[in-house]
Amino acid sequence: MSKLSDDDLMEAVHDLMHLARAQLLRHMPDDGLGPMEGRALGFFVRHPGSTQTDLVQHAGRDKGQLARLIAVLKDKGLLVARPDGHDRRVIRLYPTEAAQHRHESVMRHRRQVAARAARGLEAPERQALLRALRHMQDNLRDGGP
């Protein structure tokens with residue numbers, strides 16, 4: 001077997017993500033939300049009562065961009081804003097029941113795609129793959145060349 005290059009590894013990761021994303025998008029609810037809106041909504045489903053600042057810190061995105069995104073989610077009836085009980089200047093965001101149902105549907109399909117992708121991988125292979133991917137993520141987070 002020939003030695004795999006770094007480019008071969010990145011190409012395999014890219015191909016895997018492209019295939020998984022295509023299958024996920026194929027079964028997304030037809031509600032007009034883009035991928036970033038879906039991720040933001042998922043954040044508030046997992047962290048109800050968080051603030052816009054919390055999302056900015058989590059997502060590492062521009063505050064203005066996320067403010068517009070939150071406005072879209074509120075307009076679509078997926079998020080509600082309530083003042084904080086202790087500091088009325090702080091606005092907390094909560095997912096609606098419709099948002100909860102959307103998120104559950106998306107996560108159910110995501111688990112199906114993940115199970116299909118990992119079919120046939122034994123526990124040691126899964127652990128080794130996860131370690132290798134996390135190592136690659138750490139390498140890229142270091143900010144070096």
### Message
When you check ARG68 against the structure, is it basic (Lys, Arg), without any contact (Cβ under 8 Å) to a residue 40 or more places away in the chain and not in a helix (DSSP H, G or I), yes or no?
### Response
no
#### Entry: From the options LEU33, LEU41, residue that is among the aliphatic types (A, V, I, L, M), touching a Leu at 6+ places or on another chain (Cβ under 9 Å) and either over 25 Å from ILE91 (Cα atoms) or not in a helix (DSSP H, G or I) (or both)
LEU33
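When residues of segment 1-21 are filtered for being part of a helix (DSSP H, G or I) and either closer than 24 Å to ARG119 by Cβ or in contact with an Asp or Glu (Cβ under 9 Å, 6 or more places away or on another chain) (or both), how many remain?
To start, the set of residues in segment 1-21 that are part of a helix (DSSP H, G or I) comprises 6-21.
Within this subset, residues satisfying the condition of being either closer than 24 Å to ARG119 by Cβ or in contact with an Asp or Glu (Cβ under 9 Å, 6 or more places away or on another chain) (or both) are 8-21.
Final tally of qualifying residues: 14.
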### Matching option when the condition is within 30 Å of ALA132 (Cβ to Cβ) and at pLDDT 95 or above, among HIS58, HIS103, HIS47, HIS109
HIS47
### Task
Count, please, the residues in segment 119-145 that happen to be closer than 30 Å to LEU78 by Cβ and either of a type in the set (A, V, I, L, M, F, W, C) or not in a helix (DSSP H, G or I) (or both).
0
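Identify, please: which residue in segment 87-106 is part of a helix (DSSP H, G or I) and without any contact (Cβ under 8 Å) to a residue 12 or more places away in the chain and is, among those, farthest from MET28 (Cα to Cα)?
Residues of segment 87-106 part of a helix (DSSP H, G or I): 97-106.
From what is left, the residues that are without any contact (Cβ under 8 Å) to a residue 12 or more places away in the chain are 97, 101, 104.
Details: GLU97: 18, HIS101: 13, GLU104: 11 Å.
Step by step, filter segment 87-106, then rank; the result is GLU97.
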### Message
Looking at segment 117-133, I want the residues that are touching a residue at least 40 places away in the same chain (Cβ under 8 Å) and have a partner that is surrounded by 12 or more Cβ atoms within 10 Å (Cβ to Cβ) and part of a helix (DSSP H, G or I) with Cβ atoms under 7 Å, at least 6 apart or on another chain. Which pairs are those?
### Response
ALA117/ALA20
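The values are calculated or read from the model by the stated rules, or taken from the named source; none is laboratory data. For clarity, every value in this text was computed on a predicted model and none was experimentally measured. Positions of Cβ are generated from backbone atoms using ideal geometry, with glycine treated the same way; all protein chains shown enter the neighbour counts.
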